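Everything below concerns the one structure shown next.
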Amino acid sequence: MADREIDQQLVERVQRGDKHAFELLVSKYQRKLGRLISRFVKDSADAEDVTQEAFIKAYRALPGFRGESAFYTWLYRIGINTAKNYLLANKRRPPSSTPFDSNESESFEDASLLREVNTPENELMSKQVVDVVQTSLLQLPEDLRSALTLREIEGLSYEEIAVVMNCPIGTVRSRIFRAREAVAENLRPLLETSKGNRW
Amino acid sequence: MNMEISALMDGELLEDESEKLLDHIGRVDEGRKDWEMYHLIGDVLHQPDHIHCDLSAKVRVRLQDEPVVFAPRKRGGNHKFSAVALSAAASLAAVGMVVWMSQQIGSEAFPQMAMQQNLLHPANVKIQSKSNDYLMAHQEFSPSTDMNGGASYIRMVNYESEGR
């Protein structure tokens, strides 16, 4: 099953009333969408709000999604439109301390409630997460590191990795899993100690 | 189970396997955490400069206030199949109707007529002279004539002009 088909499966689950399936889509695309939105919205806290808002808009619009395009292109389009609306609303906003007035908050209801400025702790946490993942990758046995790198960075399929590494597909599957688990083992203590377990 | 989650996010499971696994991940918290963890690792390897705190918890809170969405179960790729299936069903129905009608007509109307015709034998009956007028008057109802109604009143006439 291709990646797009997995998304389609999750979308159909959401369309049958399964909210948990949408949470899996959020886990999968939150950073990719956040990165895209941060090109429009420079402030990281605002970009985070816009990203949340884009996901909520996508959820509301999902009944109309027919799978004619890939889910992520559809989601990215919503993200870009939400970011543009935010910028337009931001320009009209009077220079006051009030984040949104009643008219401008059409697309951003509750956003101010959930807004959390990127604290130094969060930024430090981000760096630590990146450090742990990169260090863990370097510490992996070469066959595990190669398998995970070929998959995650080069985007090769298991079949292609099997050809490159000259091993059965089942071995590729096992190596990639073991590599992920080894990295995850180092990450879990860090994430579990973070406040509110928001990582 | 974790190995299956790892394979699922790489798109390396069959459709029925992934359906079962998605059920599991939706139900079991540990499965969802592993899904999130593996995606975080992938994102860090892809874009280490843009790693922020997990938004899924915040979105989850907001989703609680959202109504459950429902949509018709349709897949983009099945439209053609549906159209073909519908047209095939319509064609079959049309053919079935024609066959049924022909059977109805064939088994009832035509055989009856055929049976009637088989039953018709030339009667060797002496017709009395006084019956001739009656038969002449009602000859249009005679089964021996193919043409009924006004056809029996058609008469062939001719005449010669005086000049010839």
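The values are calculated or read from the model by the stated rules, or taken from the named source; none is laboratory data. Nothing here was measured: the structure is a model prediction, and the numbers come from that model. Positions of Cβ are backbone-derived with ideal geometry, glycine not excepted, and every protein chain shown enters the neighbour counts. The accessibility values were calculated without ligands, DNA or RNA, using every heavy atom of the protein model including side chains. Shrake-Rupley method; radii C 1.70, N 1.55, O 1.52, S 1.80 Å.
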Checklist entry - With every protein chain kept in the model, how would you rank A:Asp143, A:Asp131 by accessible area, 1.4 Å probe, largest at the top? => result A:Asp131, A:Asp143
Checklist entry - What nm value, rounded to one decimal, do you get for the distance between A:Thr171 and B:Ala93 when each label is placed 7 Å out toward the C-beta? => result 5.9 nm
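In the structure displayed, which of B:Lys20/B:Lys58; A:Lys32/A:Lys84; A:Lys32/A:Lys91; A:Lys28/A:Lys91 lie more than 22 Å apart, Cα to Cα?
Values: B:Lys20/B:Lys58 27 Å; A:Lys32/A:Lys84 17 Å; A:Lys32/A:Lys91 26 Å; A:Lys28/A:Lys91 32 Å.
As for pairs spanning more than 22 Å Cα to Cα, those are B:Lys20/B:Lys58; A:Lys32/A:Lys91; A:Lys28/A:Lys91.
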Checklist entry - How large, in percent, is the carbon and sulfur part of the accessible surface of the stretch B:1-77 at a probe radius of 1.4 Å? => result 51 percent
Checklist entry - What accessible area, in Å² to the nearest ten, does a 1.4 Å probe give for A:Leu36? => result 30 Å²
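Rounded to the nearest 0.05, what FRET efficiency do B:Asp133 and B:Met101 have when you use their Cβ-Cβ distance and R0 = 56 Å?
Values: r = 45 Å, r/R0 = 0.80.
That pair, B:Asp133 with B:Met101, gives E of 0.80.
Any idea of the total accessible area buried by the A-B contact, 1.4 Å probe, rounded to 100 Å²?
Working: alone 13010 and 15390 Å², together 21800 Å².
Its buried surface, counting both partners, is about 6600 Å².
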Checklist entry - Where in the stretch A:140-178 does accessible area fall by at least 50 Å² between the isolated chain and the complete protein assembly, at a 1.4 Å probe radius? => result A:Glu152, A:Tyr158, A:Arg173, A:Phe177
Item to check | FRET efficiency estimate (nearest 0.05) - Cβ-Cβ, A:Leu124 to A:Lys42, R0 30 angstrom | outcome: 0.90
Checklist entry - Can you tell me the accessible area per residue over the stretch A:1-98, all protein chains present, probe 1.4 angstrom, in square angstrom? => result 41 Å²
Item to check | Accessible surface of B:His24 - all protein chains present, 1.4 Å probe, nearest 10 Å² | outcome: 40 Å²
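Provide a whole-number value for the mean count of partner chain Cβ atoms within 10 Å of the Cβ atoms in peptide A:63-73.
Numbers: counts 4, 2, 3, 6, 5, 3, 1, 0, 0, 0, 0.
Mean partner-chain Cβ count within 10 Å for A:63-73: 2.
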Checklist outcome for this item: Descending accessible area (1.4 Å probe), largest on the left, turns B:Met9, B:Met3, B:Met136, B:Met101 into B:Met136, B:Met101, B:Met3, B:Met9
Checklist entry - Carbon and sulfur atoms: what percent of the 1.4 Å accessible area of the stretch A:32-85 do they account for? => result 48 percent
Next on the checklist: Could you tell me how far the Cα centroid of the stretch B:1-66 sits from the Cα centroid of the stretch A:141-156, in Å?
Outcome noted: 19 Å
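How much FRET efficiency would the formula 1/(1 + (r/R0)^6) give for A:Ser69 and B:Asp16, where r is the Cβ-Cβ distance and R0 is 35 Å, rounded to 0.05? Before the final figure, lay out each step's value.
Numbers: r = 25 Å, r/R0 = 0.72.
Approximately 0.90, to the nearest 0.05.
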